[in-house]
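Inspection log for the structure reproduced underneath, given as structure tokens.
Just so it is clear, none of the values below were taken in a lab; they were calculated from the coordinates. Only a predicted model underlies this, so the values are computations on that prediction, with no experimental measurement involved. A quick note on method: Cβ atoms are made from the backbone with ideal geometry, for glycine too, and the neighbour counts reach across all protein chains shown.
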Amino acid sequence: MANVIVVGAQFGDEGKAKVTDLLSKNADVVVRYQGGSNAGHTVVVDGETYKFHLIPSGILYSGTMCILGPGMVIDPKAFISELDALKKRGLDDSKLKVSATAHVTMPYHLAIDAAEEDSRGGRKIGTTKRGIGPTYADKCDRIGIRIEDLLDPDALLGKLEWLVPKKNIILERLYNLPQQSVDAIFKEYIEYGRKMQRYVCDTSAIIFESVHERKNILFEGAQGTLLDLDHGSYPYVTSSSPCAGGACIGAGVGPTIIDRVIGVSKAFQTRVGEGPFPTEQFDEVGERLRQTGTPWAEVGVTTGRPRRCGWFDAVLGRYAVRINGLDCLAITKLDVLDEFDEIQVCVAYKDRKTGDVYNDLPSMAGAFWRMEPIYETFQGWKKQTVDCRSYSDLPAGAQRYLDFISEQLHVPVALVSVGPKRDQTIVIEDPIHGPKRVLSYSNLQAPVTRSAK
Ligand code: IMP
């Protein structure tokens, strides 16, 4: 029995879906604990590609319970269309559960997200325009609509009659957009409630019971550490808590049940949307990182936007280890680096203004923009890794690269992915039952100084 959290250790899109898919094989319950249809996960099984936005990819294993937890924001229209598409492909929904207390993304949230983003000018966040920020804002303002309200016509109508006129003032006066109709929203959303009813329950009670029954529970984070509302690159973040701590709040469990936290990182770094990205490459290196591995090119699954690409950033990696208490790492897309003559890893930052060197992320968000990477350079291994199935199969240069990342971040690399298929995975150490490390702030701060070559 082990209860495991899988988190993104970078800016999202780390390839978590492949890792959660592999770990779901031995999970009895998979729980998504935050975010909404801003997430986009791709999994390839037997040559078939599945794209997920709201539903945990654990649904690919029949018999695995999949939970959309209370910390999520759910667009019911997107949920139903994703579910219908999965059912058409023969997937079993009998163990799918949706928290009654998750919040609902409403049509005014979608309209306001897009309008706010367009009105920000130079202050754009680059949101996915899936209504995420406005839904969480209503939740915090205690005026949100929850899934349970979709099952109760009186409650829903009462809330809409009070809320929609307020939202219409914002839509019309602030953004010059058409008003939305209480009646139309009520009819549409009560119908969604009818379709979703069979999945809705107290998911936290189910998880609690599963812990008691000593089942294996996998908590699946969406987005990534640097997009966390509290600990990410604010304000260029999402509005939820993808970090490991968010799993307990978002699923409704106590931290004492968690056995293990696994961080997922690409072998390089990507980001979609705005915000600081010290190792971003604007030249042909960035373009090669983006295009290599096609059809797995770096394009957002949800929005189709090209991802910004750059070298692996060990400063951010150490930060992710600290903030999430990572036990080990899964490194994805190692194969993308196969043909590079040289590969760089950022081991520290230099402040462009003051010249100060940082081994850790500066606590002042404004300073993040001024960080210039200090790199260690590796010779590329120039050999294909897509057919490697063990650490010893990997070219010596690739082994050195992984060892270096592990030394820099002070956690073991347990899994390595060398392609999108399930079997294109190298297990170096059992990610769930490996030894526990004790980390201190001082050893996490200090970069390894020996030559990387
Ligand atoms: P929002 O979550 O749509 O509000 O977007 C806020 C920021 O998070 C934007 O920079 C998005 O590009 C980014 N973001 C949201 N979801 C994802 C994701 O699943 N992967 C990568 N970036 C994301």
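Values as computed for the structure displayed
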{"read-out": "Over the chain: helical MRE at 222 nm, DSSP H runs n ≥ 4 each giving -39500 (n - 2.57), nearest 500", "value": "-9000 deg cm²/dmol"}
{"read-out": "Sorted by Cβ density within 10 Å, fewest first, the residues GLU342, GLU429", "value": "GLU342, GLU429"}
{"read-out": "Restraint check, LYS18/LYS333; LYS87/LYS421; LYS350/LYS382; LYS97/LYS421; LYS215/LYS421; LYS18/LYS77, Cα-Cα greater than 19 Å", "value": "LYS87/LYS421; LYS350/LYS382; LYS97/LYS421; LYS215/LYS421; LYS18/LYS77"}
{"read-out": "Rg to Rh, two decimals, where region 103-198 supplies the alpha carbon set and Rh follows Kirkwood", "value": "0.99"}
{"read-out": "More than 38 Å apart - percent of Cα-Cα pairs taken over the chain", "value": "22 percent"}
{"read-out": "Computed E for ASP84/ALA365 - FRET, C-beta separation, R0 35 angstrom, nearest 0.05", "value": "0.25"}
{"read-out": "All aspartates and glutamates inside 14 Å of LYS166 as judged from Cα atoms, apart from same-chain residues fewer than 8 positions distant", "value": "ASP138, ASP141"}
{"read-out": "Rounded tilt (10° steps) of 182-196 against the dominant C-alpha axis of the chain", "value": "60 degrees"}
{"read-out": "Sorted by Cβ neighbour density within 10 Å, fewest at the top, the residues TYR108, TYR236", "value": "TYR236, TYR108"}
{"read-out": "Proximal aspartates and glutamates relative to LYS16, as straight alpha-carbon distance under 15 Å, when same-chain residues fewer than 8 apart are discounted", "value": "GLU220, GLU298"}
{"read-out": "Rel. contact order, % - alpha carbon contacts under 8 angstrom, at least six apart, the chain", "value": "19 percent"}
{"read-out": "THR385, THR279 arranged by Cβ crowding within 10 Å, fewest neighbours leading", "value": "THR385, THR279"}
{"read-out": "Farthest positive-ward along the chain dipole, Cα basis, beta-carbon charges - from VAL237, ILE5, GLY250", "value": "VAL237"}
{"read-out": "In range of the label at ASN26: residues from region 196-232 whose backbone nitrogen is under 12 Å from the point 7 Å along Cα→Cβ", "value": "216-217"}
{"read-out": "10 Å beta-carbon shell around VAL31, net charge (K/R +1, D/E -1)", "value": "+1"}
{"read-out": "Estimated FRET transfer efficiency when R0 is 56 angstrom, pair GLU191-ASP387 (beta carbons, to 0.05)", "value": "0.65"}
{"read-out": "Computed FRET value (nearest 0.05) for GLU287 with ASP356, which takes r as the C-beta separation and R₀ as 30 Å", "value": "0.40"}
